[in-house]
Amino acid sequence: MNAVAWPQGYALLGFNEIDSTNEEARRRAASGVTMPLWITAARQTAGRGRRGRTWDSVSGNLFATLLVRPEKPAGECAQLSFAAALAVSDMLAAFAPSADFKLKWPNDVLSSGRKLAGILLESESRPDGKAAWLAVGVGVNLAMFPEDAEFPATSLRAAGVTPPQPKDALLHLAAAFAKWYEAWRAQGFAPVREAWLARASGIGSRIRARLTNEEIIGVFQGIDESGALLLGLPGGVSRAIAAGEVFFG
């Protein structure tokens, strides 16, 4: 494994136990922190995932949040969930180079079709429409996974890989994310989108998209230039879906 250095210009704050790394990022943003800051904890007492779900926070797994101030419109900042998924995939590949990790829209990482990692973006907007701050929360099942998750889960250990220590996983994650973050800042979403599509799970397959008020079945055609899911419907019609849950089969 190649040596990896902590990315220049990024600070690190670690806790043995905390309510939520995303919640701490919110507090740090309110206190005026301006430089990129990774926040990590060995255990969370109130970890959360997307749509208000609880994130099972077992010691031995990775729980971390990056606080950044991208100086970009809030809508564009949502694209960083794809950059984060790529960074998690890169990190996992460093410890399991022969494994085939796939990305599930909008922001999960899969191993053999089961959820290995999830990402939660939270932010506040300024009056000019730009993000005042953005928290990129990452949870990775290194050693253990929840048995009762809605979407089947797994861990690196369950996949037959000796899991790294969370601090080592975070080092690789931080380095990988810094690379994708700079690509996004300099070149926009295009390079992130291209790389994400190359690793995406289920393109061309039939999927169910669960939205707030409806559920749609169609063919997963990819994502558009904003990151919205493109769903092929009968009659050759495509529908762009900005937010929802995807289920295969």
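The values are calculated or read from the model by the stated rules, or taken from the named source; none is laboratory data. Keep in mind that what you see is a predicted model, and the values were worked out from it rather than measured. Neighbour counts run over all protein chains shown; Cβ positions are idealised from the backbone, glycine included.
Laid out as a table, the results:
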{"quantity": "Only listed residue being outside any strand (DSSP E or B), touching a helix residue (DSSP H, G or I) at 6+ places or on another chain (Cβ under 8 Å) and closer than 18 Å to residue 152 by Cβ, chosen from 99, 117", "calculated": "99"}
{"quantity": "Single condition residue 213 does not satisfy, out of (1) free of Cβ contacts under 8 Å to residues at least 12 places away in the same chain; (2) not in a loop (DSSP other than H, G, I, E, B)", "calculated": "(2)"}
{"quantity": "Test: residue in the stretch 165-180 that is outside any helix (DSSP H, G or I), more than 16 Å from the chain's Cα centre (by Cα) and under 27 Å from residue 60 (Cα atoms)", "calculated": "yes"}
{"quantity": "Any chance residue 64 is in a helix (DSSP H, G or I) and either at pLDDT 95 or above or of a type in the set (A, V, I, L, M) (or both)", "calculated": "no"}
{"quantity": "Conditions (1) in the same structural domain as residue 144 (by TED's automatic domain parsing); (2) surrounded by 15 or more Cβ atoms within 10 Å (Cβ to Cβ); (3) modelled with pLDDT under 95: number failed by residue 4", "calculated": "(1)"}
{"quantity": "Residue 164 vs. criteria closer than 19 Å to residue 227 by Cα, touching a helix residue (DSSP H, G or I) at 6+ places or on another chain (Cβ under 8 Å) and not aliphatic (A, V, I, L, M)", "calculated": "no"}
{"quantity": "Output for the stretch 83-116, where each listed residue is within 18 Å of residue 244 (Cα to Cα) and either free of Cβ contacts under 8 Å to residues at least 40 places away in the same chain or touching a Cys at 6+ places or on another chain (Cβ under 7 Å) (or both)", "calculated": "109, 115"}
{"quantity": "Test: residue in the stretch 189-210 that is in a strand (DSSP E or B) and either without any contact (Cβ under 8 Å) to a residue 24 or more places away in the chain or under 25 Å from residue 68 (Cα atoms) (or both)", "calculated": "no"}
{"quantity": "Scope the stretch 146-183; condition hydrophobic (A, V, I, L, M, F, W, C) and surrounded by 22 or more Cβ atoms within 10 Å (Cβ to Cβ); matching residues", "calculated": "153, 156, 169, 170, 173, 174, 176, 177"}
